[in-house]
Amino acid sequence: MQNEISYTYSIASNPVSYENSSLHVLFAGESQTKPSHALGPKIYDYYLLHYIESGKGIYKTEHHTYHLKKGDLFLIHPSQLVSYVSDEKEPWRYRWIAFTGTEADEQVRYTGFTLDLPVSSAGEQEQFSKLLGSMQEAFYEKKESSHLTSLGCLYLVFALAKERLLLESALPLVDARVGGTVKQMIQYMSTQYAHPISIEQMCSSLGYNRAYLSRIFKKETGFSPVTYLLKLRIDKSRQLLRERPELSVEQVSASVGLPDALYFSRQFKRFYKQSPTAYRKQVQAHPGDKNSFP
């Protein structure tokens, strides 16, 4: 005998009204649908993201038809004619959120959902259910802070969805992921250069093997991470030598993460064919042209 399914539907709206903010969750809901339960064809004027917790069904856009199941996500874009229907024998249970805002289009593009690719396999990840459920529970509380809770959850949903889409993607997005990792490395070095960091520490912080990071970094930039970090420090020192004449060479060296002033001077000369002291004298000899010095 087939288990009897209890059909449910609930929804909660954001207690903070939408007023052209950058990103805003309008409402969140959940439903165990009836067999062959259908919505549309219709157009929405906001984004509507669904996560299928169980069962299966069909989602149709103006150009494609998708057969979806437990663990799948599908995103309805604004102003697109869509319809979706639950399976006759295994009707789906899903959670959904609606969101809008002046930055919504940009965030969706960054996540990877497009009109040609509005679906993704999230796998059996409880995080999606928990995050969407947290938004709904926050809205039920009717607090002003519920709005911030929903935004935090929405950004986490975007992050999870982007990771899933990258995993599903072919070589072009793999390349994009490599580029993103290299950007992370550059960002790390650009913010930490003043500290006595090492490439080993950076690799550990980013969670990657040093040999792998060194290989992709050199392929993308033409420099090894060690050389890039050293040149970054020397270039920062040139700025200090120009703009802070009261600092000694030793103080400048320490300020860019190179506490050994003798080593700093050798590396400065290696890159720019003159000592830090000679560079500073050259700048001071032409004070009117200080901005023209690299």
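The values are calculated or read from the model by the stated rules, or taken from the named source; none is laboratory data. As the structure is a computational prediction, the values presented were derived from the model and not from experiment. Virtual Cβ from ideal backbone geometry, glycine too; neighbours counted across all protein chains shown. With ligands, DNA and RNA removed, areas are computed over all heavy atoms of the protein, side chains included. Shrake-Rupley method; radii C 1.70, N 1.55, O 1.52, S 1.80 Å.
Computed quantities for the displayed model
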item	result
Any chance ARG93 is within 21 Å of the chain's Cα centre (by Cα) and open to solvent by 50 Å² or more (accessible area, probe 1.4 Å)	no
Unique residue being over 20 Å from PHE128 (Cα atoms), in a strand (DSSP E or B) and more than 20 Å from the chain's Cα centre (by Cα) when the list is PRO78, PRO41	PRO41
Exclusive hit being open to solvent by 80 Å² or more (accessible area, probe 1.4 Å), at pLDDT 85 or above and farther than 23 Å from LEU262 by Cβ, set GLU243, GLU250, GLU220	GLU243
Matching residues in the stretch 20-53 - criterion: being among the small types (Gly, Ala, Ser) and surrounded by fewer than 19 Cβ atoms within 10 Å (Cβ to Cβ)	SER21, SER22, SER36, ALA38, GLY40
Of the criteria (1) modelled with pLDDT of 90 or more; (2) outside any loop (DSSP other than H, G, I, E, B), which one SER205 fails	(1)
Matching option when the condition is out of contact with any helix residue (DSSP H, G or I) (no Cβ under 9 Å at 6 or more places or on another chain) and more than 28 Å from THR111 (Cβ to Cβ), among PRO225, PRO196, PRO259, PRO245	PRO196
Extreme residue, surrounded by the fewest Cβ atoms within 10 Å (Cβ to Cβ), among residues of the stretch 262-281 that are at pLDDT 90 or above, among the hydrophobic types (A, V, I, L, M, F, W, C) and farther than 17 Å from HIS195 by Cβ	LEU262
